[in-house]
Amino acid sequence: MRALRSVVLVAALVAGLTGCVSTASLESEQSPSPSPRPTRVIVDGETDDPSCTRGGDTTLAVEQSIDGMPGVDRGPEYTAGVALFERGDGACVPAGTEAVNALCAPQVARDGVSAYLAPTEHMFAAGATSQIQASVSGRSTRDEQFLYRMSVWRFDSPAAAQKAPFVDAVTACDGVLSAVTGEGQRLELRDGDEPYLRLDVEGDRIFAFQSLRLSDAPGLRSTSSGLLPVVAVDHIEQWWRLHGTDIEPTEP
């Protein structure tokens, strides 16, 4: 059988990962746009059964998504990770009710960005052909922390993307805001004025932005929810439209 290969790119100034994942500290000049020096972490393992997904390598510099971000006076510290997954030959687990219910409220961040770099099997079970999964954390100049994650799925047709379980789950949430944009359909869930989930369906692609609460910090004091303001979310989303739509796997 083919080896299961999972590849994660982590660019971190402050991060603590254990087990088979190594860490590296980065020092940046005092600039709002720190120059990344990422550490590439590759985890290999043999499997006797075909997997739902297979990992691929990507050099997408997701930490650049917060460069010049409005609404937050950002400091030089950041942590960023990205992973690329493609459909494998094995069976994928469909969505359960626990995955659906978790989307309808702001989620509390788990330990480190690496906790958000796994594939979403139920989206592959519904026909996704690839997934880019990223997580970016940063701090303001007042030492306030923020964290977001982004998922980009590609399907084999626009019709399949419209019927994806993630779309159905968000649509079923109380208080969801729905709009038709120039690119497609948008669904949004907010805590006060700040989006904690924004879902855009554009042709055969789905973009899912999530702003996460912090378990050990109040977040940004400039917003009532502690989450990123709308202008920051708009900036991040535009960066992903420009840089995260046609990522191809590279040879390891």
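The values are calculated or read from the model by the stated rules, or taken from the named source; none is laboratory data. The structure displayed is predicted, hence computed values, not measured ones. Note: ideal-geometry Cβ built from the backbone for every residue, glycine included; neighbour counts use all protein chains shown. These area figures cover heavy atoms from the full protein model, side chains too; ligands, DNA and RNA do not enter into them. Shrake-Rupley method; radii C 1.70, N 1.55, O 1.52, S 1.80 Å.
Residue-level check: of (1) under 17 Å from the mean Cα position of the chain (by Cα); (2) β-branched (Val, Ile, Thr); (3) open to solvent by 40 Å² or more (accessible area, probe 1.4 Å), Val231 misses just (1). Answer yes or no as to whether Ala160 is in contact (Cβ under 8 Å) with a residue 24 or more places away in the chain, within 26 Å of Thr53 (Cβ to Cβ) and open to solvent by 40 Å² or more (accessible area, probe 1.4 Å). For Ala160, the condition - in contact (Cβ under 8 Å) with a residue 24 or more places away in the chain, within 26 Å of Thr53 (Cβ to Cβ) and open to solvent by 40 Å² or more (accessible area, probe 1.4 Å) - is not met. Of the residues making up the range 197-222, those that are part of a strand (DSSP E or B) and open to solvent by 20 Å² or more (accessible area, probe 1.4 Å) number 3. Counting only residues that are modelled with pLDDT of 90 or more and surrounded by fewer than 16 Cβ atoms within 10 Å (Cβ to Cβ), the range 174-193 holds 8 of them.
Screening the range 239-248 for residues that are over 11 Å from Met150 (Cα atoms) and under 14 Å from the mean Cα position of the chain (by Cα) and picking the one that is modelled with the lowest pLDDT gives Thr245. Within the range 115-174, being in a strand (DSSP E or B), in contact with a Lys or Arg (Cβ under 7 Å, 6 or more places away or on another chain) and either among the polar types (S, T, N, Q) or more than 18 Å from Asp204 (Cα to Cα) (or both) holds for Thr129, Ser130, Ala134, Ser135, Gly138, Ser140, Gln145.
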